[in-house]
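A.B. asks: One structure follows; several queries about it will come next.
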Amino acid sequence: MQYSPTSIESRWKLYWAKNEVYKTDNHSDKPKYYVLDMFPYPSGAGLHVGHPLGYIASDIYARYKRLKGFNVLHPMGYDAFGLPAEQYAIQTGVHPAVSIAENIGRYRAQLDNIGFSYDWTRSVNTSDPKYYKWTQWIFLQLYDHYYNLSANKALPINELVKDFETFGNTNVSAVHTQDILFSADEWKSYSDIEQQRILMNYRLAYRKVSYVNWCEALGTVLANDEVKDGLSERGGHPVEKRPMMQWSLRITAYAERLLNDLDRLDWSDALKAMQRNWIGKSVGAQVFFDVVNHPLKIEIFTTRPDTIFGATFMVLAPEHDLVDLITTSDMIESVKNYRDYVASRSERDRMAEVKEVTGVFTGAYTKHPFTEEHIPIWIGEYVLKDYGTGAIMAVPSDDDRDFAFAEKFRLPVIDVVDKTQNPGSSRQDKVGKMINSSFLNGMDVKEAIQYMFNLIEKEGIGTRRTNYKLRDANFSRQRYWGEPFPVLYDQNQLITILDESHLPVTLPEVKDFHPTSEGKSPLASAKFWVNEISGYERETDTMPGFAGSSWYFLRYMDPDNETAFASEEALHYWKDVDLYVGGTEHAVGHLMYSRFWHKFLFDLGKLPTDEPFKKLINQGMIQGVIANLYLQKEKLEGRHQFVCAQLVSDDTLDEYIKIAVHIDFVSDYGTPKSYLDIVAIENFIRWRPEFSNAIFKSSTGAFDASSSLGQPNSTFRIYLQSEVGKMSKRYFNVVNPDDVVARYGADCFRMYEMFLGPIEQSKPWDTKGIEGVQKFLKKFWSLFVEDDVFCVSDEKPTREELKILHQTIKKITDDIERFSFNTAVSAFMVCVNELKKLNCRKKEILEPLVRLLAPFAPFITEELWSQFNKGYSVHQSEFPICHQEYLMADTIEYPLSVNGKKRDLITLEAGLSNADIEKIVLENDQVLKWLSGQQPKKIIIVPGRMINIVV
RNA sequence: GCCGAAGUGGUGGAAUUGGUAGACACGCUGGACUCAAAAUCCAGUGCUAGCGAUAGUGUGCGGGUUCGAGUCCCGCCUUCGGUACCA
């Protein structure tokens, strides 16, 4: 009876499926616990060894909680809408639904192979009409609600309309886009179109013209977080700004709650900081400046109203609405040129450029509200249209950017803060005493800021105001493979919303998945579908990827419900996610949108909690090692030339390009000395025939595959350059978990991934240590088996053996609770090594160990458990409990130091008082020798830890 | 620039509250078994000196607090992640 993972694993997989071991009920006397993984996008490439890292950790925890007596919800599903399937459809004509279904099949097989305890009856697929019916439904709710600031929650839009009909909007306190004041009578006099336009300013899902990230190559609009450095995250194509009528979600209404409620979450500080930065709250004042010779006011936002006496010029965003109105005739030409120049520059140009100061004078002036002095108004691209009011008062003495602008255009600088008492402080630090500032002089900066806030409001020249960097979320995509909007337009572009009874609005079949030339979605070409309801046209955009993923964790609670997104009963039973495991890449996207939707549904009274994810663990990424050959840019007599990495120095680096080599060819892969030998080179050439006449040059000679010319000896090697990077098809470094499982077994794979290091840490995949884990499993197995038969004894364990067992139980329990799975695996190894040394095969020791190991290695433990208890699974047993009495030692070894210098170990009885210990130590001959007559000043004793004698 | 995380043997990493630094594993060295190999087992393994017991030294760098610092404080350096004209 040898340990053979393959046969064990296939047998128990079947058993679990047949007996529905992991099926979870919505009713139970047990306390609930919800363990969630971030569901994957089922890509064509399948899973690689990096994906399961977090899944393994959460599965261990879910299994642990189950053994601890919790009713555990641990589901898995697929985030199935998205660009890659659509791109694939464009290239091959295969319908996304077909390719996605195929990919899901492959994912499912790969996941099952690793022994996860998912309740697959609860699986969701965001592209399933039964699922996206409810995504559309939530959109309808967002459309039908506005954010009331007095109630501090979302309320039905009908209530707002009632307010408008009775009072107009003068006293309405709601989050909205534009300030147009109207009375009740005025409201009633407006046309339908006009009323709808106004309500759009309040709805939580609304339409507006927005500058969107247009990607010509992909033919679509991208979300901000899909753009990296001015290029599309997918494919790296250039992205430009373009105006378009788009749906948006008013996430900014929730900014304050999203910020404040972070404090209550058990998330890492790093992640909370990321969300805080993204929300970017700043408190300041909105101040009005009169324009000279105009009845106009310029509205600025500043966090430093104290520096108002240092404001020597104003800067407006080039796109600011007032620019046309105030520019003087002599400046029209240069202002127009500058605005054209700004418009012509793509996001990418702006970012690529080192901060060069640009701007022009408008010819206009404002009047300083206190000194009445005239201040020139400039425009400059460093002032952003979208942030604050799109206009600033420039205080060059206390802001680096304003200072740079003043320096370039020779504008005056007035020092208003005396920083001489604060050496080392920077221009914008809020420290020092006010000077040159009339009534503020002598005040401390912080004091002056408060003083000005009050004064500005009292004088009526402005108000206190809070600004957020957080932008409303663009919710339209010009794509096929997404949720259609349940929205119709009539000839006047008046919106009609399809109500719940019309849901789901399903995707129509199309012949061509390309976006249309005007940048419209492929849905626009499905004429029948678009015009299906006479007199109306359907919305042809679809929802973005984050729509379906913003609420999927709620659907798992009640996945087949056809009358609600989940029943009230299920929602109140499971409440929220207790543990969420996933990567940091979703820190500000998915995790922010989910919190927003969750809070919104909470406001509607649908949910019992206002935060979705109580505890969050961020697993690191498993990276790949990319092995590269250096290819010389210059061909040699028309032939490619590869060069050994040892011959390439930093100075000559730009003479080469790197060609990624498939990892199957590489010897010593993953080490700095990875290389190709002659056999590998021949394999490489067969794989990449375009290099069949290449020459491979090393320090010992050259290898010419196309002829026997200069044939080197058999030790010939070309060393490769290796770097850590993504595990990806394009680097030919993908490791499939199936291969690892086939070779070592799923238990070994699971434990090895955990053993690799802390779960939060990113690290490159290498299999160097996997054999250690395999050895452990074999050793563990061998404890139960003697002479090829299962054999454990009923003999009573010794105190020493019990001590080993219970120390291990304590250690493992603590480690699981703090998600330190790598140290837990080590603790198992220590335990088995010790039992092996004692040749302990006693049932009383081994049986609890099986239950202890079950969350980590579900298959081997199942097999061994069945030898003790037939008929039910180890995963339905209990996690063993640590009995303290076995941990108590009879004697303790104390390290003994003199003046902090380690000297020796001294063995003492356990349970001695400090006074007793002191007495024994001072009578010890050895100690007296070290002290050589000196009197000890004091003796420090840390019970159970150490003794230090100070002389 | 700002925010965040981290720097420990040849390698991955441990040290949970300030208390024997390097657990566990890989690798390496030597040995047992074997005709041989694989597998398995045993011993050693931070660095320096020494046959050795042992001594010195050692957690990115420089200081400090403490009987005692990988851990706490001050000042730097490096790497990684996020963000970027946010007024």
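A.B. asks: Can you tell me which residues in region A:449-461 are away from RNA strand B (no atom under 14 Å from the Cβ) and either within 16 Å of residue A:369 (Cβ to Cβ) or touching a helix residue (DSSP H, G or I) at 6+ places or on another chain (Cβ under 6 Å) (or both)? So that I can check it myself, show each step before the final result.
C.D. replies: First, the residues of region A:449-461 that are away from RNA strand B (no atom under 14 Å from the Cβ): A:450-451, A:454-455, A:457-461.
Those that are away from RNA strand B (no atom under 14 Å from the Cβ) and either within 16 Å of residue A:369 (Cβ to Cβ) or touching a helix residue (DSSP H, G or I) at 6+ places or on another chain (Cβ under 6 Å) (or both): A:451, A:454, A:455, A:457, A:458, A:459, A:460, A:461.
A.B. asks: Still on this model: Do the conditions hold for residue A:312, that is, is it among the hydroxyl-bearing types (Ser, Thr, Tyr), touching a Pro at 6+ places or on another chain (Cβ under 7 Å) and away from RNA strand B (no atom under 11 Å from the Cβ)? Lay out the reasoning, then the answer.
C.D. replies: On the way: among the hydroxyl-bearing types (Ser, Thr, Tyr): yes; touching a Pro at 6+ places or on another chain (Cβ under 7 Å): yes; away from RNA strand B (no atom under 11 Å from the Cβ): yes.
So residue A:312 passes the test.
A.B. asks: Still on this structure, I have one more. Which helices (runs of 4 or more DSSP H) sit wholly inside region A:850-942 and have at least 1 residues that are away from RNA strand B (no atom under 16 Å from the Cβ) and of a type in the set (Val, Ile, Thr)? Please lay out each step first, then the result.
C.D. replies: Details: elements: A:858-868, A:914-923, A:925-931.
Because the criterion is at least 1 residues that are away from RNA strand B (no atom under 16 Å from the Cβ) and of a type in the set (Val, Ile, Thr), the helices (runs of 4 or more DSSP H) in region A:850-942 that meet it are A:858-868, A:914-923.
A.B. asks: Please pick out the residue among A:438, A:425, A:397 that is within 14 Å of RNA strand B (Cβ to nearest atom) and over 20 Å from residue A:301 (Cβ atoms). Give the derivation first.
C.D. replies: On the way: A:438 fails: within 14 Å of RNA strand B (Cβ to nearest atom); A:397 fails: over 20 Å from residue A:301 (Cβ atoms).
That would be A:425, the only listed residue that is within 14 Å of RNA strand B (Cβ to nearest atom) and over 20 Å from residue A:301 (Cβ atoms).
A.B. asks: Collect the residues in region A:452-483 that are in a helix (DSSP H, G or I) and buried (at least 17 other Cβ atoms within 10 Å of the Cβ), keeping them in residue-number order.
C.D. replies: Our first condition is that a residue be in a helix (DSSP H, G or I); within region A:452-483, this holds for A:452-459.
Across region A:452-483, the qualifying residues are A:452, A:453, A:455, A:456.
A.B. asks: Now a separate question. The conditions are (1) touching a residue at least 60 places away in the same chain (Cβ under 8 Å); (2) surrounded by fewer than 20 Cβ atoms within 10 Å (Cβ to Cβ); (3) touching a helix residue (DSSP H, G or I) at 6+ places or on another chain (Cβ under 8 Å); (4) closer than 30 Å to residue A:338 by Cβ, and residue A:370 fails exactly one of them. Which is it?
C.D. replies: (4)
A.B. asks: Something else: Give the number of residues within region A:714-760 that are over 29 Å from residue A:684 (Cβ atoms) and away from RNA strand B (no atom under 16 Å from the Cβ).
C.D. replies: Here the count works out to 1.
A.B. asks: With region A:553-661 as the region, which strands (runs of 3 or more DSSP E) entirely inside it contain at least 2 residues that are at pLDDT 90 or above and in contact with a Lys or Arg (Cβ under 7 Å, 6 or more places away or on another chain)? Working first, answer last.
C.D. replies: Working: elements: A:577-582, A:613-618, A:622-632, A:641-643, A:656-660.
Result: A:577-582.
A.B. asks: While we're looking at this one, here's another question. Among the residues of region A:843-880, which ones are of a type outside the set (A, V, I, L, M) and within 17 Å of residue A:750 (Cα to Cα)?
C.D. replies: Residues of region A:843-880 that are of a type outside the set (A, V, I, L, M), as a first pass: A:843-844, A:847-848, A:851, A:855-856, A:858-859, A:861-863, A:865-873, A:875-880.
The answer is A:851, A:855, A:856, A:858, A:859, A:861, A:862, A:863, A:875.
A.B. asks: I need the full set of residues from region A:815-824 which are within 7 Å of RNA strand B (Cβ to nearest atom) and part of a helix (DSSP H, G or I), in order please.
C.D. replies: Within region A:815-824, A:815, A:822, A:823 meet the criteria.
A.B. asks: While we're on this one: Quick one: in region A:364-394, which of the residues that are within 28 Å of residue A:211 (Cα to Cα) and β-branched (Val, Ile, Thr) is farthest from RNA strand B (Cβ to nearest atom)?
C.D. replies: Applying the filter and picking the extreme gives A:377.
A.B. asks: Which members of region A:534-552 meet the condition of being in contact with a strand residue (DSSP E or B) (Cβ under 6 Å, 6 or more places away or on another chain), of a type outside the set (D, E, K, R) and in a loop (DSSP other than H, G, I, E, B)?
C.D. replies: A:536, A:544
A.B. asks: Looking only at region A:745-776, filter to residues that are assigned to a helix (DSSP H, G or I) and among the aromatic types (Phe, Trp, Tyr); which one of those is farthest from residue A:267 (Cα to Cα)?
C.D. replies: The initial filter retains those residues of region A:745-776 that are assigned to a helix (DSSP H, G or I), namely A:746-755, A:770-776.
Okay, now just the ones that are also among the aromatic types (Phe, Trp, Tyr), so A:749, A:752, A:755, A:776.
Details: A:749: 28, A:752: 26, A:755: 23, A:776: 34 Å.
Within region A:745-776, the match that is farthest from residue A:267 (Cα to Cα) is A:776.
A.B. asks: Within region A:249-306, which residues are near RNA strand B (Cβ under 8 Å from one of its atoms), crowded, with 22+ Cβ neighbours inside 10 Å and assigned to a strand (DSSP E or B)?
C.D. replies: A:300, A:302
A.B. asks: Looking only at region A:388-447, count every residue that is surrounded by fewer than 20 Cβ atoms within 10 Å (Cβ to Cβ) and of a type in the set (Val, Ile, Thr) and tell me the total.
C.D. replies: Going through region A:388-447 one residue at a time, the tally reaches 5.
A.B. asks: Filter region A:761-774 down to the residues that are modelled with pLDDT under 90, near RNA strand B (Cβ under 8 Å from one of its atoms) and either hydrophobic (A, V, I, L, M, F, W, C) or over 22 Å from residue A:728 (Cβ atoms) (or both) and list them by number.
C.D. replies: Across region A:761-774, the qualifying residue is only A:769.
A.B. asks: Which pairs do you get when a residue that is under 14 Å from residue A:3 (Cβ atoms), found in region A:761-775, comes within reach of a residue that is within 7 Å of RNA strand B (Cβ to nearest atom) and among the aromatic types (Phe, Trp, Tyr), reach meaning Cβ atoms under 8 angstrom, with the pair 6+ apart or on two chains?
C.D. replies: Pairs that qualify, where the first residue is under 14 Å from residue A:3 (Cβ atoms) and the partner is within 7 Å of RNA strand B (Cβ to nearest atom) and among the aromatic types (Phe, Trp, Tyr), are A:773/A:755.
A.B. asks: Being under 16 Å from residue A:368 (Cβ atoms) and either assigned to a loop (DSSP other than H, G, I, E, B) or without any contact (Cβ under 8 Å) to a residue 24 or more places away in the chain (or both) is the filter here, so list the residues in region A:307-333 that pass it. Outline the logic, then answer.
C.D. replies: Applying the first criterion (under 16 Å from residue A:368 (Cβ atoms)) to region A:307-333 yields A:307-315.
Answer for region A:307-333, where residues must be under 16 Å from residue A:368 (Cβ atoms) and either assigned to a loop (DSSP other than H, G, I, E, B) or without any contact (Cβ under 8 Å) to a residue 24 or more places away in the chain (or both): A:311, A:312.
A.B. asks: Would you confirm whether or not region A:796-806 contains a residue that is within 14 Å of RNA strand B (Cβ to nearest atom), closer than 25 Å to residue A:53 by Cβ and in a helix (DSSP H, G or I)?
C.D. replies: Among the residues of region A:796-806, not one is within 14 Å of RNA strand B (Cβ to nearest atom), closer than 25 Å to residue A:53 by Cβ and in a helix (DSSP H, G or I), which makes the answer no.
A.B. asks: Out of region A:142-178, which residues are in a loop (DSSP other than H, G, I, E, B), of a type in the set (A, V, I, L, M, F, W, C) and closer than 26 Å to residue A:386 by Cβ? Outline the logic, then answer.
C.D. replies: Residues of region A:142-178 that are in a loop (DSSP other than H, G, I, E, B), as a first pass: A:144, A:149-152, A:168-173, A:175-178.
After this cut, where a residue has to be of a type in the set (A, V, I, L, M, F, W, C) as well, the list is A:149, A:151, A:172, A:175.
If the condition is that a residue be in a loop (DSSP other than H, G, I, E, B), of a type in the set (A, V, I, L, M, F, W, C) and closer than 26 Å to residue A:386 by Cβ, then A:149, A:172, A:175 are the ones that fit.
The values are calculated or read from the model by the stated rules, or taken from the named source; none is laboratory data. Nothing here was measured: the structure is a model prediction, and the numbers come from that model. In this analysis, Cβ positions are derived from the backbone assuming ideal geometry, glycine residues included, and neighbour counts consider all displayed protein chains.
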